[in-house]
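Just so it is clear, none of the values below were taken in a lab; they were calculated from the coordinates. Please read all numbers here as calculations on a predicted model, not as lab measurements. Backbone-built Cβ (ideal geometry, glycine too); neighbour counts: all protein chains shown.
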């Protein structure tokens, strides 16, 4: 399992969100952040232009199973890209374990909702074997 943190432009958030949904990633966290970088942004306040070293961005945080890692990275890179300075950063971390509090499941199974019809078929099949 991996944790992906992406710092992206606020203006690209909707594109990234849609790309993640299209890739089958239906749950993630995000929040607004402010950072410092080499580049500066111009902000217009009441008709006056101010240059700021403080850069407004959005942080997206996702924990994925290994089999979803590449498609998640590709979705973010492709949808957040403008080709200009300040597109952001992507970080990948190893996750040792994860737990679903409600069911106490652990490991990769705790990251997704199993198809209940599949579980029902398995239990029906087990009952028929008895």
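Can you tell me the length gained on complete extension of the stretch residue 5 to residue 31, counting 0.36 nm per residue apart and subtracting the Cα distance?
This chain segment gains 8.2 nm when fully extended.
Given N residues in the range 2-120, what is Rg(Cα) / (2.2 N^0.38 Å)?
Relative to the 2.2 N^0.38 Å estimate, the range 2-120 comes out at 1.30.
May I ask you to derive the FRET efficiency for residue 81 and residue 112 from their Cβ-Cβ distance with R0 = 25 Å, giving the value to the nearest 0.05?
0.35
Under a plain spin-label model, where a point goes 7 Å from the Cα along Cα-to-Cβ, how far apart in nm are residue 74 and residue 102?
Spacing of the two 7 Å Cα→Cβ label points: 3.1 nm.
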